[in-house]
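Report on the structure given below.
Each value in this text was obtained by applying a stated rule to the coordinates, not by laboratory testing. Everything numeric here is computed off the predicted structure, so don't read it as measured data. FYI the Cβ positions are ideal-geometry reconstructions off the backbone, even for glycines, and counts take in every protein chain you see.
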Amino acid sequence: MRLTVNGKEHEVDVEDDMPLLWVLRDELGLTGTKYGCGIAQCGACTVHMDGFAVRSCQVPAASADGTEVVTIEGLGTPETLHAVQEAWVEHQVAQCGYCQSGQIMQAASLLSLNAEPTDDDIDVAMSGNLCRCGTYPRIRAAVKTAAQKLQEA
Amino acid sequence: MGRMRTIARRTFLVGSAAIVGGVAFGTYLVQRPTENPLEDGLADGAATFNPWVLIDSEKVTLITPHGDKGQGVMSAQAALIAEELDIEFGQFETGFGVPSQAYWNRAFAEEGVPFKATDEGLVAESMRAFVRGITKLMSVQGTGGSTSMADSFDKLREAGAKARETLKKAASELSGVPAEQLKTANGAVILPDGTEMPYTSLAAKAAEVEPVRKVSLRDPSEWRLVGKPMKRLDILGKSTGTLPYGIDIEVEGMVHAAVRVNPRQGGEMVSFDASVAKGMRGVSDVVEITGGVAAIADNTWRAFQAVEAVEIEWGPAPYPAEQDGHWEALAASFGEDNLDSMWRDDGNVDDALAGSSTIEAEYRSPYVAHAPLEPLNAVVRVTDDEIEVWTGHQMPIMLQQNVAGVTGHEPEQVTFHNQFMGGSFGHRLEFEHLKQAVEIANQMRGTPVKLTFTREEDFAHDFPRHIALGRCKGTVENGQITAIDVAIAAPSVITSQMGRAGLSVPGPDAQIAAGAWNNPYRIANFRMCAFRAPELAPVSSWRAVGAPGAGFVFDTFIDELCNAAGADPLEERLRMIDHDASRKVLEAVGEMSDWGSELGPNRGRGVAFIESFGVPTAEVVEVTNTDAGIRIDRVYVACDVGRIIDPVNFENLVQGGVVYGLGHAMNCEITYSDGMAEQSNYHAHEGMRLYQCPEIVVRGLENGSKIRGIGEPPVPPAGPALGNAIFAATGQRLREMPFGKFVDFV
């Protein structure tokens with residue numbers, strides 16, 4: 001099947017039901033997307049599919065066929081950060097950092113749909129992403145900073 | 001410099017064997033310098049000044065040997081070296097270092113002695129010095145117990161200073177300018193005329209000169225980095241998905257493995273049928289390992305699917321199959337035969353309890369999983385003369401020993417590449433998953449094998465925080481607490497954990513009543529006994545180890561007695577406290593929370609104070625009892641680590657510790673049924689989510705006389721402070737965690 005990931009087309013030969021997560025990590029070598037639970041409870045595997053945040057552990061490869069997938073590596077790079085990543089760096093959100101790819105992808109999706117999220121909007125959008133280190137206060141602050149940055153851009 | 005590896009390694013092996021055998025040792029072995037592992041294979045023209053600084057013509061590398069599981073210790077260690085070395089962030093690289101005695105953790109001894117961390121008397125300090133000697137000889141290289149900064153603070157600044165002075169000496173010899181006239185800044189020696197000689201250009205010369213060994217450390221007023229807000233070195237990589245963790249490692253020719261081992265931990269595998277699994281796409285083999293099977297495939301998911309398809313019959317668990325049996329074992333442990341230690345026996349408790357009406361309460365603290373978000377994993381390659389291991393781990397030298405024990409290799413033949421860890425909370429102190437990976441790789445020598453645990457396997461084979469049962473009695477009189485008798489029964493986490501690593505630890509286990517026995521309260525009649533329950537489910541150090549459980553028992557009972565006495569819970573704690581730094585953190589949260597002010601209807605405020613790892617920590621939690629349940633509004637936390645290295649990371653870690661403590665007190669427990677953990681993934685062991693996270697206001701005090709770590713101490717008071725706040729808001733006293741069994745949380 002054909003996947004477009006971060007703007008690049010890939011032909012992959014995998015089972016229809018292999019989760020997109022493992023196509024990305026093991027077949028395409030894009031390890032910025034993380035495995036945490038496999039049952040959509042932690043959000044570490046969050047990527048964008050046709051612009052919307054999805055848990056890639058729940059997307060069968062066949063469903064991703066023909067879609068545009070963006071992973072953390074495609075959102076921005078260390079040299080050209082996305083506004084959300086800039087905010088994450090400024091607030092020094094990460095501790096272990098393992099959940100943060102998913103947090104950042106979720107936040108970027110939220111802000112693309114809702115430029116000025118309220119505290120409640122942030123709670124609703126971000127509560128599916130587990131952070132075992134407990135960086136939630138900084139995640140909240142960084143989402144708000146990112147919203148400002150995007151407004152000013 | 002340039003000195004080749006000597007027989008030091010053999011010398012220390014003899015030394016540690018002697019200690020294990022109980023033979024006394026002289027000061028020579030303890031005081032002799034350790035070898036410098038950076039001298040191994042040192043290139044021509046490169047200089048290493050000590051085990052932490054390596055400079056060649058291209059770059060400066062600082063070795064930060066404490067493992068980084070998210071606590072930011074890589075940056076903090078680098079900052080300590082860079083402070084004295086006069087080099088800035090961005091001008092050097094870092095490495096985690098190799099397993100080596102040179103990186104022994106001198107601060108582990110602090111928690112290994114039966115004295116309160118606040119006791120700095122001669123006997124306590126002498127004992128600590130003695131245990132420090134043993135930990136050095138036994139090469140206890142490790143990360144844990146919130147010791148990284150205590151271990152590193154002087155040592156790494158000295159390492160930086162010695163390297164700096166040696167570089168100045170080299171520059172002096174090259175330039176002819178006396179060393180006293182040289183300055184250093186931005187990774188260069190600066191001549192009086194302003195000429196800069198970058199450290200990299202001095203490496204070859206520095207490798208020849210006799211290193212400077214006597215240095216004096218700078219006064220804190222001269223610090224550029226320490227104590228000031230830092231930008232963590234890993235923050236960019238962790239914000240862009242570009243920083244690899246152990247689970248992301250790829251080695252050429254690698255295959256993927258997944259395991260299922262008897263979820264009745266320690267039980268046998270009776271039989272298995274892998275015929276279906278072996279025929280699945282991408283699966284190359286299914287092999288037997290101790291207590292279970294491993295599927296080998298060309299992709300992680302295919303290995304997961306295949307191992308799931310193996311039909312297996314499991315043997316019974318070597319501990320009570322049902323959770324009730326675990327509690328019964330604890331309840332039966334409050335006898336003289338099980339007395340592990342009587343920590344306190346002040347006044348006459350029996351008389352005091354006989355004289356007036358007694359308040360009694362029983363408390364339970366459950367098994368809880370570590371569940372770091374990165375599941376356990378390891379890449380291992382076994383050849384006839386080497387084992388290579390890529391993973392994130394807290395105990396490098398013990399890892400070598402445990403890994404080598406599987407195959408019969410020598411520990412020195414194990415090469416360990418430590419990695420960033422996606423959390424640990426104590427999970428990555430363990431060796432079982434590594435031994436499994438080695439067992440698999442040993443069956444296909446030469447091929448690198450990446451073992452990845454499914455989340456379900458990670459839960460099933462976690463060694464959770466131990467359970468604890470507390471029985472408390474007390475009396476109050478004239479508005480004051482007059483007597484307390486606390487008995488805590490728990491299995492010994494140290495025995496369980498060290499036993500798996502093949503070590504036997506004699507003496508009492510200070511963790512059974514940690515967070516309780518070491519409190520700084522002066523109470524007229526005060527008894528505190530720890531009872532050692534038999535080994536039940538295998539358990540392990542969980543963030544803050546014994547203090548979240550025993551501290552919950554003790555602090556909640558203090559709160560109950562305050563209520564019974566009609567005393568203000570904060571004022572009464574302050575009245576009893578007999579330690580200056582502890583009093584100040586309690587006073588601080590009182591001030592921060594405007595303690596005593598009116599909160600309004602259905603609201604409540606609870607305070608808790610627990611000292612763990614030498615850090616007195618006080619927390620005030622404010623809650624509202626809404627129609628939908630308890631909402632946690634705000635938390636105030638004050639703690640004293642003696643010296644804060646990086647205020648940004650400090651705040652983040654304290655807030656994270658509070659979230660960790662609250663989340664698990666709210667809704668997490670591991671229970672056993674049919675010998676297996678009933679909770680298999682985060683849906684059943686959730687912790688806190690963002691919408692539940694209160695505002696958390698942090699104040700760090702620096703009155704303590706020693707530098708301490710902050711990774712663990714914020715965790716223990718969170719549970720009791722929450723429970724005490726719920727009592728204040730609702731009148732309902734919660735004596736068992738998780739509280740979610742008894743109240744709803746919004």
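Quick one: which residues, 5+ away or cross-chain, put their amide H under 5 Å from the amide H of B:W314? H built at 1.01 Å from N.
The list, which skips near neighbours in sequence, is B:V270.
Please work out the Kirkwood hydrodynamic radius for region A:2-75, using every pair of different C-alpha atoms, and report it in angstroms with one decimal place.
About 11.8 Å, per the Kirkwood formula over Cα pairs.
Please turn the phi angles of region B:416-423 into ³J(HN,Hα) values with the Karplus equation 6.51 cos²θ - 1.76 cosθ + 1.60 (θ = phi - 60°), one per residue in order, whole Hz, x for glycine and proline.
My calculation for region B:416-423 gives 10, 9, 6, 10, 4, 10, x, x Hz in order.
Could you work out how much longer the chain between B:L174 and B:S221 gets when fully extended? Use 0.36 nm per residue separation minus the Cα distance between them, nm to one decimal.
13.7 nm
Could you give the length gained on full extension between B:D580 and B:D119, defined as 0.36 nm per residue of separation minus the Cα-Cα distance, in nm?
164.8 nm
Amide H of B:Q679 versus every other amide H placed in the peptide plane: which residues, excluding those fewer than 5 positions away on the same chain, fall under 5 Å?
Those qualifying (amide H under 5 Å, at least 5 residues apart or on another chain) are B:T671.
Counting partner chain Cβ atoms within 10 Å of every residue's Cβ in A:122-130, what's the average?
Mean partner shielding for this stretch: 4.
Within region A:92-134, which residues have the backbone N less than 19 Å from the label spot 7 Å out from B:R634 along Cα→beta-carbon, could you tell me?
Only A:119-120 pass the distance filter.
Can you put A:W88, B:W223, B:W343 in order of Cβ neighbours within 10 angstrom, beginning with the fewest?
Ranking A:W88, B:W223, B:W343 by Cβ neighbours within 10 Å, fewest first, gives B:W223, B:W343, A:W88.
Per-residue ellipticity at 222 nm for chain A, helices alone: DSSP H runs ≥ 4 residues times -39500 (n - 2.57), over residue total, nearest 500 deg cm²/dmol?
After summing the helix terms and dividing by the residues of chain A, the value is -10000 deg cm²/dmol.
How many nm is it between the label spots at A:R2 and B:D385, if each spot is 7 Å from the Cα in line with the beta carbon?
Label-label distance for A:R2 and B:D385, simple model: 5.2 nm.
Quick one: 3J(HN,Hα) in Hz for region B:724-740, Karplus 6.51/-1.76/1.60 with θ = phi - 60°, rounded, Gly and Pro as x.
Along region B:724-740, the couplings run 5, 5, 5, 4, 5, 7, 10, x, 8, 8, 9, 10, 9, 9, x, 5, x Hz.
How would you order B:727-736, B:154-163 from highest to lowest mean count of nearby Cβ atoms within 10 Å?
B:154-163, B:727-736
Given labels modelled 7 Å from the Cα in the Cβ direction, how far is it in nm from B:E88 to B:E268?
It works out to 6.6 nm between the two label points.
Ignoring everything except DSSP H segments at least 4 long, calculate the 222 nm mean residue ellipticity for chain B; use -39,500 (n - 2.57) per segment, divide by total residues, nearest 500.
My calculation for chain B gives -9500 deg cm²/dmol from helical runs alone.
When N counts the residues of chain B, how does its alpha-carbon radius of gyration compare numerically with 2.2 N^0.38 Å, as a ratio?
Against the compact-globule rule of thumb, the ratio is 0.99.
Arranged from highest to lowest average of other beta-carbon atoms within 10 Å per residue, in what order do the peptides B:241-253, B:433-445 appear?
Final packing ranking: B:433-445, B:241-253.
Could you compute the FRET efficiency for B:N348 and B:E678, with r as their C-beta to C-beta distance and R0 at 51 Å, rounded to 0.05?
Calculated transfer efficiency: 0.70.
Testing the spin-label approximation: label points 7 Å from Cα along Cα→Cβ at A:A153 and A:E79. State their distance in nm.
Those two pseudo-labels are separated by 1.8 nm.
For B:H417 and A:E11, FRET efficiency with R0 = 30 Å and r from the beta-carbon atoms, rounded to 0.05?
Calculated transfer efficiency: 0.35.
Determine by what factor the alpha-carbon radius of gyration of the protein assembly as shown differs from 2.2 N^0.38 Å, reporting the quotient.
Relative to the 2.2 N^0.38 Å estimate, the protein assembly as shown comes out at 0.94.
What residues have an amide H closer than 5 Å to that of B:T94, excluding those fewer than 5 places away on the same chain, when H is modeled at 1.01 Å from N in the peptide plane?
Those qualifying (amide H under 5 Å, at least 5 residues apart or on another chain) are B:L62.
With θ set to phi - 60° and the Karplus curve 6.51 cos²θ - 1.76 cosθ + 1.60, what are the ³J(HN,Hα) couplings of region B:252-267 in order, to the nearest whole Hz, using x for Gly and Pro?
3, x, 6, 10, 9, 10, 9, 10, 10, 10, 2, x, 7, 4, x, x
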